[in-house]
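Data block below; observations after.
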Amino acid sequence: MIEFLNSIQNSLIYKNFFLVLSGLDNTILLLLISLPVGFVLALLFALGRVSKIALLSRTIASYIFVIRGTPLLVQIYLIYFGLGSVKFIRESFLWYALKEPFWCGVIALTINTVAYGAEIFRGGIQSIEKSQVESGLSLGFGKFLLLRKIILPIALRKVLPSYGNELILMVKATSLVSLTTYMEMTGIARKIMAKTFAPVEAFIAAGILYLFLNFLMVQFVKYLEWKYNPHLRLNN
Amino acid sequence: MFKFDKLVFGDAGWGDEFLIATLMTLLVSILSMGLGLFLAIITVWAKLIQNKITRFIANFYTTVIRGVPELLVIYLIFFGGNAVVMSIAKVFGYNKYIELNALTIATIAIAVISATYSSEVLRASYLTISKGQIEAARALGMNKFSIFFKVISPQVIRHALPGIGNVWQITLKDTSLISVTGLVEIMRQSRISSNVEHSPLTFLITAAILYLCLTTISSRVFKTLELNYSKGFST
(Lines give C-alpha, C1' and ligand atoms only; values in the text may rest on other atoms or scores of the structure.)
Protein backbone atom coordinates (compact mmCIF):
# COMPACT_ATOMS: atom_id res chain seq x y z
CA MET A 1 0.00 0.00 0.00
CA ILE A 2 2.76 2.43 0.96
CA GLU A 3 4.65 1.49 -2.18
CA PHE A 4 1.56 2.23 -4.20
CA LEU A 5 1.17 5.64 -2.56
CA ASN A 6 4.83 6.38 -3.18
CA SER A 7 4.49 5.46 -6.83
CA ILE A 8 1.55 7.85 -7.12
CA GLN A 9 3.53 10.62 -5.44
CA ASN A 10 6.43 10.11 -7.79
CA SER A 11 4.27 9.93 -10.88
CA LEU A 12 4.40 12.81 -13.32
CA ILE A 13 0.68 13.47 -13.27
CA TYR A 14 0.75 13.96 -9.52
CA LYS A 15 3.65 16.42 -9.70
CA ASN A 16 2.17 18.22 -12.69
CA PHE A 17 -1.14 18.46 -10.92
CA PHE A 18 0.26 20.80 -8.29
CA LEU A 19 2.23 22.79 -10.84
CA VAL A 20 -0.90 23.34 -12.91
CA LEU A 21 -2.87 24.07 -9.75
CA SER A 22 -0.69 27.15 -9.24
CA GLY A 23 -2.29 28.57 -12.40
CA LEU A 24 -5.82 28.04 -11.10
CA ASP A 25 -5.93 31.47 -9.45
CA ASN A 26 -5.06 33.16 -12.75
CA THR A 27 -7.85 31.28 -14.53
CA ILE A 28 -10.33 32.19 -11.81
CA LEU A 29 -9.19 35.81 -11.84
CA LEU A 30 -10.07 36.04 -15.53
CA LEU A 31 -13.53 34.65 -14.81
CA LEU A 32 -14.13 36.74 -11.70
CA ILE A 33 -13.94 39.94 -13.72
CA SER A 34 -15.30 38.94 -17.11
CA LEU A 35 -18.35 36.97 -15.93
CA PRO A 36 -20.04 39.59 -13.67
CA VAL A 37 -19.22 42.46 -16.03
CA GLY A 38 -20.36 40.34 -18.96
CA PHE A 39 -23.62 39.48 -17.19
CA VAL A 40 -24.56 43.10 -16.48
CA LEU A 41 -23.57 44.32 -19.95
CA ALA A 42 -25.37 41.41 -21.62
CA LEU A 43 -28.57 42.33 -19.78
CA LEU A 44 -28.27 45.97 -20.85
CA PHE A 45 -27.51 44.94 -24.43
CA ALA A 46 -30.49 42.56 -24.49
CA LEU A 47 -32.76 45.37 -23.28
CA GLY A 48 -31.32 47.61 -25.97
CA ARG A 49 -31.86 44.89 -28.54
CA VAL A 50 -35.58 44.55 -27.77
CA SER A 51 -36.10 48.31 -27.36
CA LYS A 52 -38.10 50.25 -29.93
CA ILE A 53 -35.22 52.58 -30.77
CA ALA A 54 -34.30 51.20 -34.18
CA LEU A 55 -30.77 52.59 -34.28
CA LEU A 56 -29.83 51.11 -30.90
CA SER A 57 -31.40 47.76 -31.70
CA ARG A 58 -29.67 47.58 -35.11
CA THR A 59 -26.28 48.51 -33.69
CA ILE A 60 -26.48 45.85 -31.01
CA ALA A 61 -27.74 43.29 -33.52
CA SER A 62 -24.74 43.87 -35.78
CA TYR A 63 -22.37 43.75 -32.80
CA ILE A 64 -23.82 40.37 -31.85
CA PHE A 65 -23.61 39.20 -35.45
CA VAL A 66 -19.93 40.09 -35.78
CA ILE A 67 -18.87 38.62 -32.43
CA ARG A 68 -20.82 35.40 -32.86
CA GLY A 69 -19.58 34.98 -36.42
CA THR A 70 -15.87 35.12 -35.61
CA PRO A 71 -13.78 32.79 -33.45
CA LEU A 72 -12.80 33.97 -29.98
CA LEU A 73 -9.15 33.45 -30.90
CA VAL A 74 -9.40 36.13 -33.59
CA GLN A 75 -10.91 38.51 -31.06
CA ILE A 76 -8.17 37.84 -28.52
CA TYR A 77 -5.43 38.28 -31.13
CA LEU A 78 -7.09 41.43 -32.49
CA ILE A 79 -7.07 43.00 -29.06
CA TYR A 80 -3.64 41.79 -27.99
CA PHE A 81 -1.60 42.02 -31.23
CA GLY A 82 -3.90 44.17 -33.39
CA LEU A 83 -4.68 47.09 -31.09
CA GLY A 84 -1.15 47.08 -29.72
CA SER A 85 0.20 47.79 -33.18
CA VAL A 86 -1.79 51.00 -33.62
CA LYS A 87 0.27 54.02 -32.72
CA PHE A 88 -2.32 56.30 -31.19
CA ILE A 89 -3.56 53.52 -28.94
CA ARG A 90 -0.04 52.89 -27.73
CA GLU A 91 0.21 56.57 -26.82
CA SER A 92 -3.20 56.80 -25.16
CA PHE A 93 -4.23 55.78 -21.65
CA LEU A 94 -5.68 52.55 -23.09
CA TRP A 95 -2.16 51.22 -23.40
CA TYR A 96 -1.92 50.76 -19.63
CA ALA A 97 -4.51 48.01 -19.93
CA LEU A 98 -3.71 46.71 -23.40
CA LYS A 99 -0.05 46.03 -22.78
CA GLU A 100 -0.99 43.43 -20.16
CA PRO A 101 -2.04 40.02 -21.54
CA PHE A 102 -4.35 39.69 -18.54
CA TRP A 103 -6.45 42.76 -19.35
CA CYS A 104 -6.50 41.88 -23.05
CA GLY A 105 -7.87 38.49 -22.06
CA VAL A 106 -10.47 40.02 -19.76
CA ILE A 107 -11.59 42.50 -22.42
CA ALA A 108 -11.82 39.84 -25.14
CA LEU A 109 -13.71 37.39 -22.92
CA THR A 110 -16.12 40.09 -21.79
CA ILE A 111 -16.81 41.27 -25.35
CA ASN A 112 -17.44 37.67 -26.34
CA THR A 113 -19.71 36.68 -23.49
CA VAL A 114 -21.74 39.89 -23.79
CA ALA A 115 -22.69 38.99 -27.38
CA TYR A 116 -23.74 35.42 -26.54
CA GLY A 117 -25.39 36.44 -23.26
CA ALA A 118 -27.36 39.26 -24.87
CA GLU A 119 -28.76 36.84 -27.43
CA ILE A 120 -29.76 34.40 -24.67
CA PHE A 121 -31.41 37.12 -22.57
CA ARG A 122 -33.21 38.50 -25.62
CA GLY A 123 -34.74 35.07 -26.14
CA GLY A 124 -35.85 35.02 -22.51
CA ILE A 125 -37.33 38.51 -22.59
CA GLN A 126 -39.21 37.88 -25.83
CA SER A 127 -40.64 34.61 -24.55
CA ILE A 128 -42.56 36.34 -21.75
CA GLU A 129 -46.27 36.13 -22.26
CA LYS A 130 -47.96 39.39 -23.13
CA SER A 131 -50.66 38.85 -20.53
CA GLN A 132 -48.09 39.02 -17.74
CA VAL A 133 -46.82 42.39 -18.93
CA GLU A 134 -50.40 43.59 -19.41
CA SER A 135 -51.42 42.56 -15.93
CA GLY A 136 -48.46 44.52 -14.59
CA LEU A 137 -49.51 47.55 -16.59
CA SER A 138 -53.08 47.23 -15.36
CA LEU A 139 -51.78 47.41 -11.80
CA GLY A 140 -50.24 50.74 -12.67
CA PHE A 141 -46.62 49.58 -12.82
CA GLY A 142 -44.18 52.02 -14.33
CA LYS A 143 -41.66 50.92 -16.89
CA PHE A 144 -38.85 50.40 -14.41
CA LEU A 145 -41.01 48.58 -11.88
CA LEU A 146 -42.38 46.35 -14.65
CA LEU A 147 -38.83 45.48 -15.63
CA ARG A 148 -37.67 44.82 -12.09
CA LYS A 149 -40.70 42.92 -10.79
CA ILE A 150 -42.01 41.04 -13.83
CA ILE A 151 -39.85 40.97 -16.94
CA LEU A 152 -36.40 40.34 -15.50
CA PRO A 153 -37.28 37.71 -12.86
CA ILE A 154 -39.30 35.63 -15.32
CA ALA A 155 -36.82 36.02 -18.18
CA LEU A 156 -33.74 35.25 -16.08
CA ARG A 157 -35.37 32.18 -14.58
CA LYS A 158 -36.25 30.88 -18.03
CA VAL A 159 -32.78 31.32 -19.52
CA LEU A 160 -30.84 29.91 -16.54
CA PRO A 161 -30.04 26.57 -18.24
CA SER A 162 -28.78 28.14 -21.45
CA TYR A 163 -26.91 30.86 -19.59
CA GLY A 164 -25.34 28.13 -17.48
CA ASN A 165 -24.15 26.56 -20.72
CA GLU A 166 -22.58 29.86 -21.69
CA LEU A 167 -20.82 30.05 -18.30
CA ILE A 168 -19.25 26.64 -18.92
CA LEU A 169 -18.16 27.73 -22.39
CA MET A 170 -16.53 30.74 -20.73
CA VAL A 171 -14.58 28.56 -18.31
CA LYS A 172 -13.28 26.66 -21.32
CA ALA A 173 -12.62 29.86 -23.24
CA THR A 174 -10.16 31.13 -20.62
CA SER A 175 -7.67 28.56 -21.92
CA LEU A 176 -7.28 30.60 -25.12
CA VAL A 177 -5.85 33.52 -23.15
CA SER A 178 -2.76 31.33 -22.65
CA LEU A 179 -1.88 32.05 -26.29
CA THR A 180 -1.13 35.65 -25.35
CA THR A 181 1.63 34.46 -22.96
CA TYR A 182 -0.70 34.77 -19.95
CA MET A 183 0.24 31.96 -17.55
CA GLU A 184 -3.00 30.31 -16.53
CA MET A 185 -3.57 26.56 -16.35
CA THR A 186 -3.22 25.76 -20.05
CA GLY A 187 -0.16 28.00 -20.34
CA ILE A 188 1.51 26.24 -17.44
CA ALA A 189 0.61 22.83 -18.85
CA ARG A 190 2.26 23.80 -22.12
CA LYS A 191 5.34 25.02 -20.27
CA ILE A 192 5.56 21.70 -18.41
CA MET A 193 5.22 19.88 -21.72
CA ALA A 194 8.08 21.86 -23.22
CA LYS A 195 10.26 21.08 -20.20
CA THR A 196 9.51 17.39 -19.64
CA PHE A 197 8.50 16.21 -23.16
CA ALA A 198 5.62 14.37 -21.51
CA PRO A 199 2.58 16.00 -23.15
CA VAL A 200 -0.08 13.51 -22.07
CA GLU A 201 0.69 13.79 -18.36
CA ALA A 202 0.77 17.59 -18.44
CA PHE A 203 -2.48 18.03 -20.32
CA ILE A 204 -4.35 15.36 -18.36
CA ALA A 205 -3.42 17.13 -15.14
CA ALA A 206 -4.81 20.39 -16.56
CA GLY A 207 -7.86 18.62 -17.94
CA ILE A 208 -8.78 17.23 -14.52
CA LEU A 209 -8.67 20.72 -13.04
CA TYR A 210 -10.85 22.17 -15.80
CA LEU A 211 -13.33 19.33 -15.33
CA PHE A 212 -13.44 20.12 -11.62
CA LEU A 213 -13.97 23.83 -12.29
CA ASN A 214 -16.81 23.05 -14.70
CA PHE A 215 -18.31 20.60 -12.23
CA LEU A 216 -18.46 23.40 -9.65
CA MET A 217 -20.03 25.69 -12.24
CA VAL A 218 -22.71 23.11 -13.06
CA GLN A 219 -23.51 22.68 -9.36
CA PHE A 220 -23.75 26.46 -8.96
CA VAL A 221 -26.18 26.76 -11.87
CA LYS A 222 -28.20 23.82 -10.54
CA TYR A 223 -28.42 25.54 -7.16
CA LEU A 224 -29.62 28.75 -8.81
CA GLU A 225 -32.22 26.81 -10.78
CA TRP A 226 -33.42 25.16 -7.59
CA LYS A 227 -33.53 28.46 -5.73
CA TYR A 228 -35.38 30.49 -8.35
CA ASN A 229 -37.82 27.81 -9.47
CA PRO A 230 -39.65 27.06 -6.22
CA HIS A 231 -42.82 26.16 -8.14
CA LEU A 232 -40.99 23.31 -9.89
CA ARG A 233 -39.62 21.63 -6.77
CA LEU A 234 -41.14 18.23 -6.21
CA ASN A 235 -41.31 18.26 -2.42
CA ASN A 236 -40.87 21.23 -0.17
CA MET B 1 -3.12 51.46 -40.43
CA PHE B 2 -5.12 49.06 -42.60
CA LYS B 3 -2.90 48.20 -45.57
CA PHE B 4 -5.17 47.26 -48.45
CA ASP B 5 -2.24 46.98 -50.83
CA LYS B 6 -0.90 44.00 -48.88
CA LEU B 7 -4.02 41.98 -49.71
CA VAL B 8 -3.67 41.89 -53.52
CA PHE B 9 -3.23 38.58 -55.30
CA GLY B 10 0.17 37.56 -56.62
CA ASP B 11 3.64 38.08 -55.23
CA ALA B 12 3.05 41.61 -54.00
CA GLY B 13 0.29 40.73 -51.55
CA TRP B 14 -1.18 37.92 -49.50
CA GLY B 15 -4.48 37.54 -51.32
CA ASP B 16 -3.79 34.16 -52.90
CA GLU B 17 -2.27 32.80 -49.68
CA PHE B 18 -5.42 33.79 -47.83
CA LEU B 19 -7.59 32.14 -50.49
CA ILE B 20 -5.72 28.86 -50.04
CA ALA B 21 -5.91 29.24 -46.26
CA THR B 22 -9.66 29.77 -46.47
CA LEU B 23 -10.02 26.62 -48.55
CA MET B 24 -7.92 24.79 -45.95
CA THR B 25 -10.22 25.99 -43.16
CA LEU B 26 -13.21 24.78 -45.17
CA LEU B 27 -11.54 21.45 -45.89
CA VAL B 28 -10.70 20.82 -42.22
CA SER B 29 -14.22 21.87 -41.17
CA ILE B 30 -15.94 19.61 -43.69
CA LEU B 31 -13.70 16.61 -43.01
CA SER B 32 -13.97 16.92 -39.25
CA MET B 33 -17.71 17.58 -39.38
CA GLY B 34 -18.14 14.38 -41.42
CA LEU B 35 -15.91 12.32 -39.16
CA GLY B 36 -17.59 13.95 -36.16
CA LEU B 37 -21.05 12.96 -37.38
CA PHE B 38 -19.84 9.40 -37.88
CA LEU B 39 -18.40 9.32 -34.33
CA ALA B 40 -21.59 10.91 -33.05
CA ILE B 41 -23.74 8.17 -34.59
CA ILE B 42 -21.57 5.56 -32.84
CA THR B 43 -21.83 7.49 -29.57
CA VAL B 44 -25.60 7.78 -29.81
CA TRP B 45 -25.86 4.10 -30.62
CA ALA B 46 -23.66 3.27 -27.60
CA LYS B 47 -25.86 5.42 -25.39
CA LEU B 48 -29.17 4.01 -26.59
CA ILE B 49 -28.56 0.27 -26.62
CA GLN B 50 -29.25 -1.34 -23.29
CA ASN B 51 -25.66 -1.99 -22.33
CA LYS B 52 -24.21 -0.43 -19.21
CA ILE B 53 -20.58 -0.60 -20.35
CA THR B 54 -21.02 1.10 -23.73
CA ARG B 55 -23.31 3.67 -22.18
CA PHE B 56 -20.74 4.44 -19.50
CA ILE B 57 -17.96 4.80 -22.08
CA ALA B 58 -20.07 7.07 -24.28
CA ASN B 59 -21.18 9.22 -21.35
CA PHE B 60 -17.62 9.44 -20.07
CA TYR B 61 -16.40 10.53 -23.48
CA THR B 62 -19.00 13.27 -23.99
CA THR B 63 -18.77 14.57 -20.42
CA VAL B 64 -14.98 14.78 -20.38
CA ILE B 65 -14.56 16.33 -23.83
CA ARG B 66 -17.29 18.88 -23.20
CA GLY B 67 -15.84 19.78 -19.82
CA VAL B 68 -12.29 20.34 -21.01
CA PRO B 69 -11.16 23.33 -23.13
CA GLU B 70 -10.95 22.63 -26.87
CA LEU B 71 -7.37 23.91 -26.90
CA LEU B 72 -6.36 21.26 -24.37
CA VAL B 73 -7.95 18.48 -26.44
CA ILE B 74 -6.09 19.72 -29.52
CA TYR B 75 -2.79 19.90 -27.65
CA LEU B 76 -3.34 16.41 -26.27
CA ILE B 77 -4.07 14.90 -29.68
CA PHE B 78 -1.36 16.92 -31.42
CA PHE B 79 1.42 16.08 -28.98
CA GLY B 80 0.15 12.72 -27.77
CA GLY B 81 -1.44 11.40 -30.97
CA ASN B 82 1.78 10.17 -32.55
CA ALA B 83 2.68 8.17 -29.46
CA VAL B 84 -0.74 6.51 -29.42
CA VAL B 85 -0.61 5.62 -33.11
CA MET B 86 2.91 4.25 -32.71
CA SER B 87 1.96 2.09 -29.76
CA ILE B 88 -1.00 0.73 -31.73
CA ALA B 89 1.31 0.00 -34.67
CA LYS B 90 3.69 -1.77 -32.31
CA VAL B 91 0.95 -4.23 -31.42
CA PHE B 92 0.78 -5.14 -35.09
CA GLY B 93 4.54 -5.53 -35.25
CA TYR B 94 5.42 -2.25 -36.92
CA ASN B 95 8.28 -0.60 -35.05
CA LYS B 96 9.30 2.33 -37.26
CA TYR B 97 8.63 5.96 -36.44
CA ILE B 98 5.26 7.18 -37.64
CA GLU B 99 4.36 10.81 -37.95
CA LEU B 100 0.80 11.84 -38.73
CA ASN B 101 0.57 14.92 -40.89
CA ALA B 102 -0.97 18.12 -39.56
CA LEU B 103 -4.17 17.81 -41.56
CA THR B 104 -4.94 14.33 -40.20
CA ILE B 105 -4.30 15.41 -36.62
CA ALA B 106 -6.33 18.59 -37.07
CA THR B 107 -9.25 16.64 -38.54
CA ILE B 108 -9.20 14.04 -35.77
CA ALA B 109 -8.92 16.65 -32.99
CA ILE B 110 -11.77 18.82 -34.25
CA ALA B 111 -13.89 15.75 -35.04
CA VAL B 112 -13.49 14.43 -31.49
CA ILE B 113 -14.75 17.78 -30.18
CA SER B 114 -17.58 18.28 -32.67
CA ALA B 115 -18.81 14.69 -32.24
CA THR B 116 -19.77 15.41 -28.62
CA TYR B 117 -22.02 18.28 -29.71
CA SER B 118 -23.43 16.40 -32.70
CA SER B 119 -24.24 13.37 -30.57
CA GLU B 120 -26.44 15.47 -28.26
CA VAL B 121 -28.29 16.88 -31.28
CA LEU B 122 -28.72 13.47 -32.93
CA ARG B 123 -29.81 11.80 -29.70
CA ALA B 124 -32.47 14.44 -29.04
CA SER B 125 -33.85 14.15 -32.55
CA TYR B 126 -33.76 10.35 -32.48
CA LEU B 127 -35.86 10.40 -29.34
CA THR B 128 -38.58 12.38 -31.12
CA ILE B 129 -39.33 9.41 -33.37
CA SER B 130 -42.20 7.50 -31.87
CA LYS B 131 -41.67 3.86 -31.12
CA GLY B 132 -44.76 2.95 -33.08
CA GLN B 133 -43.08 3.85 -36.36
CA ILE B 134 -40.20 1.47 -35.76
CA GLU B 135 -42.63 -1.23 -34.69
CA ALA B 136 -44.73 -0.62 -37.80
CA ALA B 137 -41.63 -0.92 -39.99
CA ARG B 138 -40.75 -4.17 -38.26
CA ALA B 139 -44.28 -5.43 -38.76
CA LEU B 140 -43.86 -4.79 -42.48
CA GLY B 141 -40.86 -7.11 -42.39
CA MET B 142 -38.20 -4.44 -42.92
CA ASN B 143 -34.74 -5.42 -41.75
CA LYS B 144 -32.54 -3.27 -39.51
CA PHE B 145 -30.76 -1.54 -42.39
CA SER B 146 -33.85 -0.46 -44.24
CA ILE B 147 -35.44 0.67 -40.96
CA PHE B 148 -32.38 2.82 -40.31
CA PHE B 149 -32.10 4.28 -43.81
CA LYS B 150 -35.77 4.56 -44.76
CA VAL B 151 -37.57 5.29 -41.51
CA ILE B 152 -35.16 6.63 -38.93
CA SER B 153 -32.61 8.71 -40.80
CA PRO B 154 -34.95 10.83 -42.94
CA GLN B 155 -36.78 11.95 -39.81
CA VAL B 156 -33.65 12.36 -37.71
CA ILE B 157 -32.09 14.54 -40.42
CA ARG B 158 -35.14 16.78 -40.56
CA HIS B 159 -35.30 17.22 -36.80
CA ALA B 160 -31.55 17.57 -36.37
CA LEU B 161 -30.77 20.03 -39.16
CA PRO B 162 -31.06 23.25 -37.11
CA GLY B 163 -28.91 21.73 -34.37
CA ILE B 164 -26.39 20.38 -36.86
CA GLY B 165 -26.22 23.86 -38.34
CA ASN B 166 -25.22 25.19 -34.92
CA VAL B 167 -22.60 22.47 -34.51
CA TRP B 168 -21.24 23.34 -37.94
CA GLN B 169 -20.79 26.98 -36.88
CA ILE B 170 -19.00 25.87 -33.70
CA THR B 171 -16.79 23.48 -35.69
CA LEU B 172 -15.94 26.17 -38.22
CA LYS B 173 -14.88 28.52 -35.44
CA ASP B 174 -13.00 25.78 -33.58
CA THR B 175 -10.76 25.21 -36.59
CA SER B 176 -9.09 28.51 -35.72
CA LEU B 177 -7.52 26.72 -32.74
CA ILE B 178 -5.83 24.31 -35.13
CA SER B 179 -3.39 27.12 -35.95
CA VAL B 180 -1.37 26.10 -32.86
CA THR B 181 -0.46 22.85 -34.62
CA GLY B 182 1.13 24.70 -37.55
CA LEU B 183 -1.48 23.82 -40.17
CA VAL B 184 -1.80 26.87 -42.42
CA GLU B 185 -5.45 27.85 -42.23
CA ILE B 186 -6.89 31.36 -41.96
CA MET B 187 -5.68 32.03 -38.43
CA ARG B 188 -2.17 30.70 -39.01
CA GLN B 189 -1.93 32.57 -42.30
CA SER B 190 -2.87 35.84 -40.65
CA ARG B 191 -0.17 35.32 -37.99
CA ILE B 192 2.46 34.48 -40.62
CA SER B 193 1.53 37.48 -42.76
CA SER B 194 1.44 39.88 -39.86
CA ASN B 195 4.85 38.70 -38.66
CA VAL B 196 6.31 39.34 -42.10
CA GLU B 197 4.61 42.66 -42.74
CA HIS B 198 4.56 43.94 -39.13
CA SER B 199 0.92 44.81 -39.52
CA PRO B 200 -1.18 42.52 -37.33
CA LEU B 201 -4.29 44.68 -37.51
CA THR B 202 -4.62 44.33 -41.31
CA PHE B 203 -4.36 40.58 -41.40
CA LEU B 204 -6.34 39.87 -38.24
CA ILE B 205 -9.22 41.97 -39.53
CA THR B 206 -8.94 40.09 -42.83
CA ALA B 207 -9.17 36.82 -40.91
CA ALA B 208 -12.21 38.06 -38.98
CA ILE B 209 -13.94 39.10 -42.21
CA LEU B 210 -13.18 35.74 -43.84
CA TYR B 211 -14.64 33.86 -40.86
CA LEU B 212 -17.67 36.13 -40.90
CA CYS B 213 -18.21 35.38 -44.60
CA LEU B 214 -17.89 31.64 -44.01
CA THR B 215 -20.36 31.62 -41.10
CA THR B 216 -22.85 33.85 -42.91
CA ILE B 217 -22.78 31.83 -46.12
CA SER B 218 -23.10 28.54 -44.27
CA SER B 219 -26.02 29.76 -42.20
CA ARG B 220 -27.77 30.66 -45.49
CA VAL B 221 -27.01 27.18 -46.84
CA PHE B 222 -28.44 25.53 -43.74
CA LYS B 223 -31.60 27.66 -43.93
CA THR B 224 -32.14 26.46 -47.50
CA LEU B 225 -31.51 22.87 -46.48
CA GLU B 226 -33.96 23.16 -43.61
CA LEU B 227 -36.63 24.47 -45.97
CA ASN B 228 -35.87 21.64 -48.35
CA TYR B 229 -36.13 18.93 -45.71
CA SER B 230 -39.26 20.27 -44.07
CA LYS B 231 -41.33 20.21 -47.26
CA GLY B 232 -44.87 19.33 -46.37
CA PHE B 233 -44.25 20.14 -42.69
CA SER B 234 -43.61 23.86 -42.74
CA THR B 235 -46.48 26.15 -42.05
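The values are calculated or read from the model by the stated rules, or taken from the named source; none is laboratory data. Remember, predicted model here, so these are calculated numbers, not experimental data. Here the Cβ is made from the backbone with ideal geometry for all residues, glycine too, and neighbour counts use every protein chain on show. Remember, those area values only see protein heavy atoms, side chains included, never the ligands or the DNA or RNA. Shrake-Rupley method; radii C 1.70, N 1.55, O 1.52, S 1.80 Å.
Where the centroid of each part is defined by its Cα atoms, how far is segment B:48-80 from segment A:11-79 in Å?
Between the Cα centres of segment B:48-80 and segment A:11-79 lies a distance of 25 Å.
Where a ≥ b ≥ c are the square roots of the eigenvalues of the C-alpha gyration tensor, would you call segment A:14-232 rounded, which needs a/c under 1.5, or, failing that, prolate if a/b is larger than b/c, or oblate?
oblate
Using only the Cα atoms of segment B:148-196, build the gyration tensor, take square roots of its eigenvalues as a ≥ b ≥ c, and label the shape rounded, prolate or oblate: rounded if a/c is under 1.5, else prolate if a/b is larger than b/c, else oblate. If you can, show how the numbers build up before the last one.
On the way: a/c = 5.70, a/b = 3.81, b/c = 1.50.
Judged from the Cα gyration tensor, segment B:148-196 comes out prolate (a/c at least 1.5, a/b above b/c).
If you average the alpha carbon positions of segment A:128-146 and of segment A:163-236, how far apart do those two centres end up, in angstrom?
39 Å
Name the helices (complete DSSP H segments) of chain A with a Cα length along the long axis of 24 Å or more and a Kyte-Doolittle mean of at least -0.5, or state none.
Taking the DSSP H segments of chain A (at least 24 Å long, mean hydropathy at least -0.5), we get A:24-50, A:101-126, A:152-173, A:199-228.
Ignoring any ligand, DNA or RNA, what whole percent of the accessible area of segment A:26-69 comes from carbon and sulfur when the probe is 1.4 angstrom?
77 percent
Starting from the Kirkwood Rh over alpha-carbon pairs, what translational D in µm² s⁻¹ does segment B:4-229 have by Stokes-Einstein at 37 °C and 0.692 mPa s?
166 µm²/s
Ignoring ligands, DNA and RNA, how do B:ILE113, B:ILE77, B:ILE42 rank by accessible area with a 1.4 Å probe, largest first?
B:ILE42, B:ILE77, B:ILE113
Quote the FRET efficiency, to the nearest 0.05, computed for B:VAL91 versus B:PHE60 with a Förster distance R0 of 22 Å and r equal to the Cβ-Cβ distance.
0.40
Which positions within segment B:1-16 get 30 Å² or more of their accessible surface covered by the other protein chains, compared to the chain by itself, with a 1.4 angstrom probe?
Output list: B:MET1.
Given the convex hull over the Cα atoms of segment A:93-163, what projected area results after averaging over all orientations, in nm²?
6.5 nm²
Calculate what fraction, in whole %, of the accessible area of segment A:95-236 sits on carbon and sulfur atoms when a 1.4 Å probe is rolled over the protein chains. Don't jump to the answer; show the numbers that get you there.
On the way: 4780 of 7310 Å².
After summing per-atom areas, the C and S share lands at 65 percent.
Where does chain B land at 222 nm, in deg cm²/dmol rounded to the nearest 500, when only DSSP H runs of n ≥ 4 count, each adding -39500 (n - 2.57), divided by all residues?
Details: 8 runs with 171 residues, N = 235.
It comes out at -25500 deg cm²/dmol, rounded to the nearest 500.
In nm, give the distance between the simple-model label positions of B:LEU140 and B:LEU48, each being 7 Å from the Cα along the Cα-to-Cβ direction.
My value for the distance between the label points is 1.8 nm.
Less than 14 Å Cβ to Cβ from B:LEU225, Lys/Arg counted +1 and Asp/Glu -1: what total charge do the surrounding residues give? Provide the component values of the computation, followed by the final result.
Details: positive: B:ARG158, B:ARG220, B:LYS223, B:LYS231; negative: B:GLU226.
Once positives and negatives cancel, what remains is +3.
Heavy-atom accessible surface, probe 1.4 Å, ligands and DNA/RNA ignored: which residues of segment B:45-78 lose at least 10 Å² versus the isolated chain?
Those are B:VAL64, B:ARG66, B:GLY67, B:VAL68, B:PRO69, B:GLU70, B:LEU71, B:LEU72, B:TYR75, B:LEU76, which lose 10 Å² or more relative to the chain on its own.
Regarding segment B:44-88, what whole-number volume in Å³ per residue does the convex hull of its Cα atoms give?
It comes to 83 Å³ per residue, whole-number rounded.
Holding the Cα-Cα limit at 31 Å, pick out from A:LYS222/B:LYS150; A:LYS52/A:LYS227; B:LYS47/B:LYS150; A:LYS99/A:LYS222; B:LYS90/B:LYS173; A:LYS172/A:LYS227 the pairs that are longer than that.
Values: A:LYS222/B:LYS150 40 Å; A:LYS52/A:LYS227 33 Å; B:LYS47/B:LYS150 22 Å; A:LYS99/A:LYS222 38 Å; B:LYS90/B:LYS173 36 Å; A:LYS172/A:LYS227 26 Å.
Beyond 31 Å: A:LYS222/B:LYS150; A:LYS52/A:LYS227; A:LYS99/A:LYS222; B:LYS90/B:LYS173.
Could you give the accessible area per residue of segment B:36-80, probe 1.4 Å, as a whole number in Å²?
On the way: 2370 Å² over 45 residues.
Spelled out: the 1.4 Å probe surface of segment B:36-80, per residue, equals 53 Å².
How would the protein assembly as shown be classified by its alpha-carbon gyration tensor: rounded, prolate or oblate, with rounded meaning a/c under 1.5 and the a/b versus b/c comparison settling the rest?
Rounded.
Who wins for biggest fluctuation among A:TYR63, A:TYR116, A:TYR223 in a Gaussian network model of chain A, springs between alpha carbons below 10 Å?
A:TYR223
Would you pull out the residues with amide H under 5 Å of B:TRP14's amide H, same chain only if 5 or more places away, H placed 1.01 Å from N?
Close amide H contacts, sequence-distant or interchain: B:LEU7, B:VAL8.
Rounded to a whole number, what % of the accessible area of chain B do carbon and sulfur atoms account for, probe 1.4 Å?
Heavy-atom surface of chain B belonging to carbon and sulfur, 1.4 Å probe: 68 percent.
Quick one: buried accessible area between A and B, total over both chains, 1.4 angstrom probe, nearest 100 Å²?
Numbers: alone 14260 and 14090 Å², together 25540 Å².
Buried area between the two chains comes out at roughly 2800 Å².
Need one value for A:206-217: mean number of C-beta atoms belonging to other chains within 10 Å of its residues' C-beta atoms.
Other-chain Cβ atoms within 10 Å of each residue's Cβ, averaged: 3.
How would B:HIS198, B:HIS159, A:HIS231 rank on accessible area, largest to smallest, probe 1.4 Å? Write down the numbers at each step before the final one.
Details: B:HIS198 150, B:HIS159 85, A:HIS231 115 Å².
Ranked from most to least accessible, the order is B:HIS198, A:HIS231, B:HIS159.
Relative contact order of segment A:97-236, please, whole-number percent, based on alpha carbon pairs below 8 angstrom and at least 6 residues apart.
Computed over segment A:97-236, the figure is 25 percent.
May I ask you to find the residues of segment B:167-209 that are shielded by at least 30 Å² of accessible area once the whole protein assembly is considered instead of their isolated chain (probe 1.4 Å)?
Hits at the 30 Å² cut-off: B:LYS173, B:LEU177, B:MET187, B:ARG191, B:PRO200, B:LEU201, B:LEU204, B:ALA208.
Run the quick spin-label model on A:GLN132 and B:LEU103: label points 7 Å from Cα toward the beta carbon, then report their separation in nm to one decimal.
Placing both labels 7 Å beyond Cα along the Cβ direction yields 5.2 nm.
At a probe radius of 1.4 Å, what is the per-residue accessible area of B:ILE209, in Å² to the nearest 10?
90 Å²
Any chance you could check the Cα centroid distance between segment B:158-186 and segment B:82-133 for me, in angstrom?
Cα centres, segment B:158-186 to segment B:82-133: 15 Å.
In Å², and per residue, what accessible area does segment A:1-73 have when probed at 1.4 Å with the other protein chains present?
With all protein chains present, segment A:1-73 gives 61 Å² per residue.
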